[in-house]
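The values are calculated or read from the model by the stated rules, or taken from the named source; none is laboratory data. Just so we're clear, the structure is a prediction, and the values are computed from it rather than from any experiment. All Cβ positions, even for glycine, are placed from backbone atoms using ideal geometry, and neighbour counts span all protein chains on display.
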Amino acid sequence: MYVSNGRKQIVILGGGSGGIVAATKLGRELGSKHDVTLVDRREDHIYMPAFLFLMVGQRKPGDITRKLKRLEKRNVKFIQADVLGIDPDRQEVTLSAGKSPMITSSCRSVCRPGRK
Ligand SMILES: Cc1cc2nc3c(=O)[nH]c(=O)nc-3n(C[C@H](O)[C@H](O)[C@H](O)COP(=O)(O)OP(=O)(O)OC[C@H]3O[C@@H](n4cnc5c(N)ncnc54)[C@H](O)[C@@H]3O)c2cc1C
């Protein structure tokens, strides 16, 4: 288990609908005592069910898009990176960070990378 300064590291992989719900709840309940981090390759969350309204001109792209960085107000750190690998035995996640991969250790991970 990875603990830094007594704070456990909780990493959420994927900032789609599932990841945001998990991040918001974990940030609210644990974010003051532990480090909650959300990772997504995208900078923004797009609310997909609203695509139908976009198609018929009832919404604009800005209406259905939110910066994932906004979660930082809710005790959730955001890292924009690709998840390259997960090693459950070592409790490590490898992320793209510039040209070289970055390894982050976590005591708990929540994986919500969608269907692809
Ligand atoms: C047009 C449309 C209408 C819909 N309407 C409804 C509805 O009415 N009701 C309903 O319940 N559902 C609806 N859905 C489905 C709903 O949007 C999805 O079920 C939901 O978004 C799935 O959430 P998720 O978090 O599992 O995945 P996603 O929302 O797909 O999120 C996955 C996230 O993981 C990130 N990711 C993936 N792989 C990596 C990686 N290797 N590294 C870094 N980041 C990564 C992606 O960038 C993405 O942000 C609709 C979908 C569409 C397209």
Practice task
Would you point out which residue out of Glu29, Glu92, Glu72 is buried (at least 16 other Cβ atoms within 10 Å of the Cβ) and not hydrophobic (A, V, I, L, M, F, W, C)?
Solution key: Glu92
Fill in the blank from the handout: Every listed condition ((1) within 16 Å of the ligand (Cβ to nearest atom); (2) closer than 13 Å to Cys111 by Cα) holds for Lys77 save (2)
Practice task
Could you name every one of the strands (runs of 3 or more DSSP E) located completely within the range 53-116 that has at least 2 residues being over 12 Å from the mean Cα position of the chain (by Cα) and at pLDDT 95 or above?
Solution key: 65-67
Problem - Long-range neighbours under 6 Å by Cβ, at least six apart or interchain, first residue surrounded by fewer than 20 Cβ atoms within 10 Å (Cβ to Cβ) within the range 1-15, second part of a loop (DSSP other than H, G, I, E, B) and modelled with pLDDT of 85 or more - result: Arg7/His34; Lys8/His34
Practice task
Within the range 7-30, work out how many residues are closer than 20 Å to Val93 by Cα and either within 14 Å of the ligand (Cβ to nearest atom) or outside any strand (DSSP E or B) (or both).
Solution key: 13
Handout entry: Residue pairs meeting the criteria (Cβ under 8 Å; at least 6 apart or on separate chains; first β-branched (Val, Ile, Thr), in the range 71-88; second within 14 Å of the ligand (Cβ to nearest atom) and assigned to a helix (DSSP H, G or I))
Key = Val76/Ala23; Val76/Thr24
Exercise for the section: Just one of (1) closer than 25 Å to Gln9 by Cα; (2) β-branched (Val, Ile, Thr); (3) touching a helix residue (DSSP H, G or I) at 6+ places or on another chain (Cβ under 8 Å) trips up Val39, so point out which. Expected result: (3)
Problem - Residue list for the range 32-63, filter: among the β-branched types (Val, Ile, Thr), surrounded by fewer than 16 Cβ atoms within 10 Å (Cβ to Cβ) and under 20 Å from Lys77 (Cα atoms) - result: Ile46
